[in-house]
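Visitor: Starting off with a structure, shown below.
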Amino acid sequence: MKWDLAIVALIVLAVAAASRRLTGTCVTPAMVFVVLGLLVGPLVADEFQAAPSSAAVRTLAEATLAVVLFLDASRIKLDALRREYAVPLRLLGIGLPLTIALGALAAVVIFPQLTVAEALVLAVLLAPTDAALGEAVVTEPRLPSRIRQGLNVESGLNDGICVPVLLIVLAAADLEFKMSATHGALRIVVEEIGYGIVAGVAAGVLVAAIVIVGSRRRLIAGSWLQVIPVAGAALAYGVATALGGSGFIAAFVAGGFFGGLVGSEGEAASRLGEEIGELMGGVTFLVFGAVLLGDALEHLSWSVAAYSVLSLTVVRILPVALAMLGSGARLQTVGFLGWFGPRGLASIVFAVIVVQEASLPGTNTILVATYVTVGVSVMAHGVTAAPLARRYADWYQSHPGHRRPAMESVPAAAHRTRGYRAPDLTHELPSITRFG
């Protein structure tokens, strides 16, 4: 453990030093973090000593997801979503449940040792998508805005949606093996969801009120304005967990209320949070490579490899194709939406929770399959994001303006992507800075 912090710092510095060179290439920062993590982990150098079940790993993972959930929810513009909801509603309302169902079915077939409840746990772990792993897709300006923003909104919302689903399926799986009283398990789930929502609403409204009132009355310094969303995520998480609720649900709900209430003022306050979230995400992928993926690769089997491939292809693409039936989307669009469902940060954190809280006989199989799938996704989606985004954009723009595909040509309002860099507005807020 004595060199772990120094190793993390050196790798972060190395990635930061080459970050501009990585932009727009087939090599993403997440790929670099995972590969370097594997190199310093037990498979190669064995210089990173943290254990998969250590408190440090869980704390990092949970803190990262709490910040990311808050920021993801705060990015979604509800008025824009109401105007252009067709693609994200289909992907989340139809595609997501079908992905979980098909993922569970595939798990039951490939891993006969898993029960139905355990197969559902695995399917939910791998249901959330992470648009940051294919950033070239959601930032390519030539892509149809409806498609780009549909993927962006799906990624921003599905991890928050999957949190209560995970709590429910974990409770169901525990019932099979612990023989707990049904009403006791249901009570815990209801409390986690209920207290999470209550804490999230309270924290989101409070943080939004601070930003709105403080900015209008010129009470907040420009530098401290950036701290508020991060503190808001921590407040929501802390209150919920103290009450016995889900901190992740609270962070997600708080972010949604914060973003909905503050509007454009929230964008000015989110720059620091975006940068902290990206840094924490990078460190999480580093720890994932060094601590979690390395160990999983030592237990790699043909069944795990088969499930990983299915999870990233058929289990994702078929539900998306069914969800887009009747939308008028072209085959190229369906294939593009289906392929770009990277598995990333949320799956890693959910798996860490399973390690620490669940005592299922199939836990090891579930974790190995999850970690390998995320590792494959980081590489496969990272390598293909830029070239396939360019190819799809070329196909779309090859049609004259009046002959472009009708469904894809409907404009969509912009939603900020993860990793977004808000402009420095300090010079536009002289009164706020002066009175800080």
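Just so you know, all these numbers are worked out from the coordinates, no wet-lab data involved. As the structure is a prediction and not an experimental result, all values here were calculated from the model. Here the Cβ positions follow ideal geometry from the backbone for every residue, glycine too, while neighbour counts run over all protein chains shown.
Visitor: With each run of n ≥ 4 DSSP H residues scored as -39500 (n - 2.57), what mean residue ellipticity at 222 nm is computed for the chain after dividing by its residue count and rounding to the nearest 500 deg cm²/dmol? Numbers along the way, then the final one.
Guide: Details: 23 runs with 308 residues, N = 436.
Mean residue ellipticity, 222 nm, calculated: -22500 deg cm²/dmol.
Visitor: Putting +1 on Lys and Arg Cβ atoms and -1 on Asp and Glu Cβ atoms, find which of Ala323, Val87, Ala385 reaches farthest to the positive end of the dipole of the chain.
Guide: My answer, from the dipole projection, is Val87.
Visitor: Kyte-Doolittle cut-off -0.5, length cut-off 27 Å along the helix's own axis using Cα: show which whole DSSP H helices in the chain pass.
Guide: In the chain, the long hydrophobic H runs are 55-75, 145-178, 182-216, 363-397.
Visitor: Mind putting a number on the dipole of the chain about its Cα centre? Charges go on the C-beta only, +1 for Lys and Arg and -1 for Asp and Glu, and I need it in Debye to the nearest 20. Kindly include the intermediate steps, with their values, before the conclusion.
Guide: Numbers: 29 positive and 29 negative charges, 297 e Å.
Once rounded to the nearest 20, the dipole reads 1420 debye.
Visitor: Which ordering of Tyr85, Tyr396 is given by a fewest-first count of other beta-carbon atoms within 10 Å? Intermediate values should be presented prior to the final figure.
Guide: Values: Tyr85 15, Tyr396 20.
Going from sparsest to densest Cβ surroundings: Tyr85, Tyr396.
Visitor: Moving on. Among His381, His399, which comes first, then next, by fewest other beta-carbon atoms within 10 Å? Please report the intermediate quantities before stating the final value.
Guide: On the way: His381 27, His399 12.
Fewest-to-most Cβ neighbours within 10 Å comes out as His399, His381.
Visitor: What is the local net charge at Arg390, summed over the other residues whose Cβ is closer than 15 Å to its Cβ (Lys, Arg +1; Asp, Glu -1)?
Guide: Residues near Arg390 contribute 0 overall.
Visitor: Tell me which label goes with the value of Cα Rg over 2.2 N^0.38 Å computed from the coordinates here: (i) 0.96; (ii) 1.27; (iii) 1.37.
Guide: Recomputing Cα Rg over 2.2 N^0.38 Å here gives the entry labelled (i).
Visitor: Would you list Glu275, Glu118, Glu62 from fewest to most Cβ contacts within 10 Å?
Guide: Exposure proxy ranking, most exposed first: Glu275, Glu62, Glu118.
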